[in-house]
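The values are calculated or read from the model by the stated rules, or taken from the named source; none is laboratory data. As the structure is a computational prediction, the values presented were derived from the model and not from experiment. All Cβ positions, glycine included, derive from the backbone under ideal geometry; neighbour counts span all protein chains shown.
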Amino acid sequence: MKMPQFDYACPSSLEEAIQLLSDNEGAKVLSGGQSLLPLLAFRMAQPTLLVDIQKLAGMDRIEISADGLRVGARVRWCQIEDDKRLATAHPLFQFMINHVAHYQIRNRGTVGGSLAHADPSAEMPGVARVCDCDIVAVGNAGERVIKAADFFVAALETSLQEDEIITEVRFPPWPSGRRWAFHEFARRRGDFAIAGVAVFFDIGSDGVIADAHVGVIGAGDTPIRLDAVEQLLNGQRLDEELIGRARHLASETVDPQSDIHAAGDYRKSLVGTLTARGLRDAASSGAVK
Amino acid sequence: MKMRIEFELNGKPVSAEVEPRLTLGDCIRHELLQTGTHIGCEHGVCGACTVIVEGDAVRSCLTLAVQAAGKRVQTVEGLANGDNLAPLQQSFQKHHGLQCGFCTPGFLMTAHALLTHEPAADEERIREVLSGNVCRCTGYLSIVKAVMDARPAYQANKAVQS
Ligand SMILES: Cc1cc2nc3c(=O)[nH]c(=O)nc-3n(C[C@H](O)[C@H](O)[C@H](O)COP(=O)(O)OP(=O)(O)OC[C@H]3O[C@@H](n4cnc5c(N)ncnc54)[C@H](O)[C@@H]3O)c2cc1C
Ligand code: FES
Ligand code: FES
């Protein structure tokens with residue numbers, strides 16, 4: 001369908017963009033447009049004004065330091081795919097993002113757009129949640145740093161205010177030697193995942209698991225963490241018996257909805273399978289991957 | 001409210017008066033009357049509408065015309081040199097990479113962007129990139145072959161440039 005009518009502005013400063021958002025009721029940010037424009041084509045949104053952020057300076061870079069990663073909100077998927085530094089600086093982030101959409105969409109879709117869109121099956125919200133990222137947003141009231149755990153409220157719903165613009169997302173540092181894996185299942189390449197599981201943990205000198213993180217996409221209203229599974233894993237040695245228990249517990253912990261893509265029970269079972277695959281894979285990953 | 005935009009289409013400056021809601025694809029077809037670009041699904045899933053903006057393959061149904069203001073845009077009309085088909089187009093012809101032709105402009109522009117950036121792309125990479133485009137006729141094999149066979153032309157081009 002053709003899109004509904006709206007006005008368009010392309011401000012050159014963040015202040016101007018925020019002003020436009022707060023002065024115009026029903027205004028919305030336009031970044032890559034790869035989620036918003038399909039919604040408009042289906043007439044599922046009726047913004048009065050689109051505030052295009054393509055000219056805002058300094059939001060299109062990935063900065064890597066001892067404090068971790070700072071990823072600008074306008075960084076596109078293709079930049080993450082092409083950034084050779086990420087293979088060691090944050091392999092999980094790069095690997096998860098490589099599952100997002102198709103070539104042409106990856107040339108346009110952005111980190112901030114995906115976070116704000118908050119699709120529960122999307123990889124960016126998932127990696128932000130499992131890595132305990134901070135999401136930085138600026139509005140009339142100034143800058144806010146929002147924990148990923150507090151950012152995603154429901155499907156397509158976040159704790160962002162109407163006049164707030166995401167400027168960057170910050171990842172904690174990624175120690176070398178960390179074990180990690182990500183598995184998702186989608187029917188066709190580039191489609192949204194029916195479900196996906198990301199795991200990472202460290203192995204101490206005593207050979208037991210420390211700091212386990214298990215995150216799931218596509219099996220809830222928001223990306224989630226499986227605290228119970230993380231507790232089960234911490235302090236244990238990873239063997240087939242533990243993987244079996246983790247698989248069972250992961251399945252039992254999630255309560256996914258049925259939709260046109262898959263039944264809830266299928267997703268439950270899938271989360272268990274992907275958790276087991278992820279743990280096996282992570283065990284053998286280490287620094288080399 | 002209509003806005004006046006200017007951009008470069010296949011090397012020539014163009015301008016149009018457009019509503020902000022007009023997609024780049026519709027602008028190219030209906031305002032600028034270049035109908036080589038095809039519009040299929042209008043919501044980003046089929047790839048038929050692919051054009052190249054500043055060197056990147058993008059979906060022209062998920063790009064507003066106003067977003068392209070001041071940019072360089074290339075469509076399938078920009079590939080051939082007069083009556084001489086570009087090597088990629090010749091390769092599609094040779095390998096029967098099209099039947100009805102509806103999807104073809106999208107495949108051509110996607111492959112053109114890919115091989116311009118990555119003239120040595122292997123079969124796996126080519127398949128992965130083409131996975132964003134739908135073809136109802138060919139069964140894809142002939143398209144993959146056509147793109148693979150066009151690589152030497154892009155490699156030679158790159159060698160000349162560098
Ligand atoms: C066919 C298809 C397949 C796809 N498959 C996947 C997939 O497998 N996985 C996946 O994760 N995604 C997928 N996507 C979505 C794609 O990755 C989008 O690019 C992304 O979700 C949104 O980014 P964007 O920059 O395009 O945002 P836009 O579409 O521009 O905006 C999305 C929303 O975020 C808001 N917004 C944008 N930027 C900001 C900001 N800086 N601050 C505040 N609000 C902001 C907008 O107002 C809007 O509400 C797919 C899209 C298509 C069309
Ligand atoms: S018409 Fe643009 S992707 Fe289908
Ligand atoms: S040739 Fe007919 S859709 Fe591809």
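Among (1) of a type outside the set (A, V, I, L, M); (2) touching an Asp or Glu at 6+ places or on another chain (Cβ under 8 Å); (3) not in a helix (DSSP H, G or I), where does residue A:119 come up short?
Failed condition: (2).
Identify all residues within the range B:92-118 that are within 16 Å of the chain's Cα centre (by Cα) and surrounded by fewer than 22 Cβ atoms within 10 Å (Cβ to Cβ); write none if there are none.
Answer for the range B:92-118, where residues must be within 16 Å of the chain's Cα centre (by Cα) and surrounded by fewer than 22 Cβ atoms within 10 Å (Cβ to Cβ): B:98, B:101, B:102, B:114, B:116, B:117, B:118.
Are there any pairs with C-beta distances below 9 angstrom linking a residue in the range B:118-138 that is without any contact (Cβ under 8 Å) to a residue 24 or more places away in the chain and more than 11 Å from every other protein chain (Cβ to nearest Cβ) to a residue that is part of a loop (DSSP other than H, G, I, E, B) and away from ligand 3 (no atom under 16 Å from the Cβ), with the two at least 6 apart or on different chains, and if so which?
Here the result reads none, with nothing in the range B:118-138 linked to a residue that is part of a loop (DSSP other than H, G, I, E, B) and away from ligand 3 (no atom under 16 Å from the Cβ).
Looking at the range B:36-55, which of the residues that are under 20 Å from residue A:189 (Cβ atoms) and within 10 Å of another protein chain (Cβ to nearest Cβ) is surrounded by the most Cβ atoms within 10 Å (Cβ to Cβ)?
B:50
Taking into account only those residues within the range A:1-39 that are on the phi < 0 side of the Ramachandran plot, in a loop (DSSP other than H, G, I, E, B) and out of contact with any Lys or Arg (no Cβ under 9 Å at 6 or more places or on another chain), which is farthest from the other protein chains (Cβ to nearest Cβ)?
Checked the range A:1-39; the qualifying residue farthest from the other protein chains (Cβ to nearest Cβ) is A:25.
Rundown of residues vs (1) within 16 Å of ligand 2 (Cβ to nearest atom); (2) at pLDDT below 95; (3) within 14 Å of another protein chain (Cβ to nearest Cβ), yes/no style:
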residue	(1), (2), (3)
A:98	no, no, yes
A:103	yes, no, yes
A:108	yes, no, yes
A:123	no, no, no
A:126	no, no, no
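Report, by residue number, each residue of the range B:9-53 that is within 16 Å of ligand 2 (Cβ to nearest atom) and of a type in the set (D, E, K, R).
B:21, B:26, B:29, B:42
Which one of the conditions (1) surrounded by 22 or more Cβ atoms within 10 Å (Cβ to Cβ); (2) within 30 Å of residue A:281 (Cα to Cα) does residue A:40 fail to meet, given that it meets all the rest?
Here residue A:40 meets the rest and fails (2).
If residue A:59 meets every condition in (1) assigned to a loop (DSSP other than H, G, I, E, B); (2) surrounded by fewer than 18 Cβ atoms within 10 Å (Cβ to Cβ); (3) not small (Gly, Ala, Ser) apart from one, which number is that one?
(2)
Out of the residues in the range A:110-121 that are in contact with a Pro (Cβ under 8 Å, 6 or more places away or on another chain) and more than 19 Å from residue B:67 (Cβ to Cβ), state the one that is nearest to the other protein chains (Cβ to nearest Cβ).
My answer is A:119.
Based on this model, can you work out whether residue A:92 counts as assigned to a helix (DSSP H, G or I), within 14 Å of another protein chain (Cβ to nearest Cβ) and surrounded by 20 or more Cβ atoms within 10 Å (Cβ to Cβ)?
no
From the list B:79, B:24, exactly one residue is more than 10 Å from every other protein chain (Cβ to nearest Cβ), farther than 22 Å from residue A:41 by Cβ and within 16 Å of the chain's Cα centre (by Cα). Which is it?
Within the list B:79, B:24, the selection yields B:79.
Go through B:74, B:89 for me and flag whichever is farther than 23 Å from residue A:49 by Cβ and within 14 Å of another protein chain (Cβ to nearest Cβ).
After ruling out the rest, the residue left standing is B:74.
Answer with yes or no whether residue B:70 is surrounded by fewer than 23 Cβ atoms within 10 Å (Cβ to Cβ), part of a loop (DSSP other than H, G, I, E, B) and more than 16 Å from ligand 2 (Cβ to nearest atom).
It is true that residue B:70 is surrounded by fewer than 23 Cβ atoms within 10 Å (Cβ to Cβ), part of a loop (DSSP other than H, G, I, E, B) and more than 16 Å from ligand 2 (Cβ to nearest atom).
Kindly provide the set of residues from the range B:54-65 that are within 11 Å of ligand 2 (Cβ to nearest atom) and more than 10 Å from the chain's Cα centre (by Cα), ordered by number.
Hits for the range B:54-65 are B:61, B:62, B:63.
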